[in-house]
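Engineer: Quick one: this structure, given as structure tokens, is what I'll be asking you about.
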Amino acid sequence: MSGLVIRGGDLCSASVSGRFDLRCEYGKIVAVGREIGPEPGDRVVDASGLLVLPGLIDVHVHFRDPGSPERESFLTGTAAAASNGVTTVLEMPTSDVPVTTAARLERRGAHLSGRSFVDFGLYAGAGYDSLDEVGACARAGAIAFKTFTHRPKPARADAFEGLWAVTEPHLLQTMSAVAATGRVHAVHCENDRLLDHFATAPAAGAGFGERHRRSRPPVAENAAIATVGSIALTTGSRVHLVHVSTARGVDIAEGLRRAGADISVETCPHYLLLEEDTLDRYGSYATCNPPLRGRDARMDLLERLRDGRVDIIASDHCSYTAEELDRHAEDPCGALPGLPGIEFLMPSLLALARRPDQALADVVARMTSVPARRFGLTGKGDLVIGNDADLVVVDPRAAVPFSPDARFLARGSRNAVYLGDVELRGRAVATFVRGTAVFSDGAVAGSPGHGRWIRGTGAGRPPR
Ligand SMILES: [Zn+2]
């Protein structure tokens, strides 16, 4: 069988750093070293002057397929992933209908097999109203579970049915049920009663950004993290805190980890690269929950990333149509939260790694080896012999300036107007999933049936 040789690239992964060749066969890495000669029939990629990284693993995306094709689909979302060096995505359970039963999980897995350019895992939702199905969802292959600690807005109640547990007793029961499956439990932390309290705070004269920030201040997030982490000490949950935006939240999680809780902390590129002035300028186009924070908060979060207290960086990719975003241009309470990040994950990684206070290998680990270990993605996330040949060859200098007119693959990307102010560099030259090119020569390659559904087995381990 003909293989693949990647020559002369600068490899960077948890296990290898330096200029090496790499050979793959039967979808696996079979050699890493110097002067690896190609065998007859091998495809040879010259990676001189380029970076070679393990394919990125994005543990937090909302493509919603088959929920809202006008917003995003697995075809568009995973094409954008492939073009950016992302070789595995973990899809959240928010869809139409939400994935809260084993039958829905099976149906969704079957529907998406054949529609994905990259490998994927599927979350199931766990809420107080869907407790009975948690065990069955795990047996059907949920990669992990997701719970919200606040109620959805009435307009979105259907899409979030069975995905939330608000009171402490309900959270305790939901976390116990998920802990019994051995799966990672991803939790969106914002305290429901504090959100209610701040929703009624006076905001006369304040602009969109200020009103959004006041309605979801750091205390709501930090209080929920403390509650969830404290319950985890009792339930033995393997908690994954999604999109943490505050350094204090990271510190609280670290304290609970030292007390014995199994916790991983995720943040997103937008909390590390953008600040509240972006929200002020772009309003509903830059609205996410929790909101973008201030300069000091961002610097403190970057410090936690450098110190190794933030485990995972994920996009939390979430698309809406421009019409939906324009409809709530003056109304932060009605605005739909979420930013379309997957098509910008690689330049975000490199923007972080260019900072003098961050190291490339550390940032790469937070998008490759750490998520693979945490979520039990066996054979992924590192450039070692025997692993899946999930790789990306990257030109770290190539500029990828944002323009709303540029040709994007993800539907939501054109709405990422807030990135117009950020220097984005780092273009994938070629992306391989299990040795097969899914992106090369500037275009998506391969077939959308190549991506495999990875069923969860509960093999994940603590993040460090
Ligand atoms: Zn999300």
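Read the figures in this text as sums done on the coordinates, not as results from a lab. Being a predicted model, the structure only gives us computed values, none of them experimental. Every residue, glycine as well, gets a Cβ built from its backbone with ideal geometry; the counts of neighbours run over all protein chains shown.
Engineer: Using only the alpha-carbon atoms, how far is helix 295-306 inclined from the longest principal axis of the chain? Give it as 0 to 90 degrees, nearest 10.
Structural biologist: Roughly 50 degrees between the two axes.
Engineer: So what are the stretch 70-128's ellipsoid semi-axes, whole angstrom, largest first, if each one is the square root of 5 times an eigenvalue of the alpha-carbon gyration tensor?
Structural biologist: Three semi-axes, in Å: 21, 11, 11.
Engineer: Can I ask one more? Report, ordered by chain and residue number, the lysines lying within cross-link reach of K28, taken as a straight Cα distance under 27 Å and ignoring same-chain residues fewer than 8 apart.
Structural biologist: The qualifying lysines are K380.
Engineer: Give me the one-decimal Kirkwood hydrodynamic radius in Å for the stretch 177-259, with the sum taken over alpha-carbon pairs.
Structural biologist: One decimal place: 13.9 Å for the Kirkwood radius.
Engineer: In addition: In debye, nearest 20, what is the charge dipole magnitude of the stretch 103-192 about its Cα centre with +1 on Lys and Arg Cβ and -1 on Asp and Glu Cβ, if you could check?
Structural biologist: Value, rounded to 20: 320 debye.
Engineer: What whole-number distance in Å separates the alpha-carbon centres of the stretch 280-319 and the stretch 139-169?
Structural biologist: Using only Cα atoms, the two centres lie 22 Å from each other.
Engineer: If you average the sequence gap of Cα pairs under 8 Å that are 6 or more apart and divide by the length of the chain, what percent do you get for the contact order?
Structural biologist: 22
Engineer: Return the calculated 222 nm mean residue ellipticity for the chain, to the nearest 500 deg cm²/dmol, obtained by summing -39500 (n - 2.57) across DSSP H runs with n ≥ 4 and dividing by the residue count.
Structural biologist: -8500 deg cm²/dmol
Engineer: Follow-up. When a footprinting reagent is the concern and you count Cβ atoms within 10 Å, what order do Y282, Y320 take, fewest first?
Structural biologist: The fewest-first ordering by Cβ neighbours comes to Y282, Y320.
Engineer: So if I place +1 on the C-beta of Lys and Arg and -1 on the C-beta of Asp and Glu, and nothing else carries charge, what would the dipole magnitude of the stretch 28-78 be about its Cα centre? I want it in debye, nearest 20.
Structural biologist: My answer is approximately 100 debye.
Engineer: How compact and how long is the stretch 312-409, expressed as Rg and Dmax of its alpha-carbon atoms in Å?
Structural biologist: Final numbers for Rg and Dmax: 17.0, 54 Å.
Engineer: Taking the Cα centre of the stretch 55-374 as origin and charging only Cβ (+1 Lys, Arg; -1 Asp, Glu), how large is the dipole, in debye to the nearest 20?
Structural biologist: I would put it at about 620 debye.
Engineer: Choose one of A297, V265, P217: the residue whose Cα lies farthest towards the positive end of the charge dipole of the stretch 193-322 (beta-carbon charges +1 Lys, Arg; -1 Asp, Glu; about the Cα centre).
Structural biologist: Among A297, V265, P217, the one farthest towards the positive end of the dipole of the stretch 193-322 is P217.
Engineer: Using label points projected 7 Å from each Cα along Cα→Cβ, tell me how many nm separate V44 and E324, to one decimal.
Structural biologist: For V44 paired with E324, the spin-label model returns 4.8 nm.
Engineer: Let me ask something else. When DSSP assigns beta bridges and you keep just the ones with both residues in the chain, what percent turn out antiparallel, to the nearest 5?
Structural biologist: The answer is about 45 percent antiparallel.
Engineer: Just how far, in whole angstrom, is the stretch 78-133 from the stretch 400-464 if you go by their alpha carbon centroids?
Structural biologist: If you average the Cα positions of each part, the centres end up 17 Å apart.
Engineer: Mind pulling the per residue volume of the convex hull built on the Cα atoms of the stretch 370-464? Å³ is fine.
Structural biologist: Measuring per residue, one finds 159 Å³ for the Cα hull of the stretch 370-464.
Engineer: Would you kindly derive the ³J(HN,Hα) couplings of the stretch 354-363 from the backbone phi angles with the Karplus curve 6.51 cos²θ - 1.76 cosθ + 1.60 (θ = phi - 60°), listing them in order in whole Hz, with x for Gly and Pro?
Structural biologist: 6, 5, x, 8, 10, 10, 3, 4, 5, 5
Engineer: Hey, what angle do you get for helix 218-235 against the long axis of the chain, alpha-carbon based, 0 to 90 degrees rounded to 10?
Structural biologist: Roughly 80 degrees between the two axes.
Engineer: Here is a further query. Per the Debye formula with a single identical scatterer at each Cα and no solvent contribution, what log10 I(q)/I(0) holds for the stretch 55-374 at q = 0.08 Å⁻¹?
Structural biologist: -0.32
Engineer: Among C24, V393, A428, whose Cα sits farthest toward the positive end of the charge dipole of the chain (+1 at Cβ of Lys/Arg, -1 at Cβ of Asp/Glu, about the Cα centre)?
Structural biologist: C24
Engineer: I've got another one for you. Which semi-axis lengths, in whole Å and largest first, follow from the square roots of five times the eigenvalues of the Cα gyration tensor of the stretch 191-349?
Structural biologist: For the stretch 191-349, the ellipsoid semi-axes come out as 27, 19, 14 Å.
Engineer: Run the reach check for K153 against aspartates and glutamates, Cα to Cα strictly under 18 Å, same-chain hits fewer than 8 apart removed. What comes back?
Structural biologist: By straight Cα distance, K153 reaches D96, D129, E161, E190, D192, D196, E221, E324, E330, D331.
Engineer: So, by mean Cβ neighbours within 10 angstrom, what's the order for 86-93, 415-422, 322-329 with the highest one leading?
Structural biologist: The peptides rank, most packed first, as 86-93, 415-422, 322-329.
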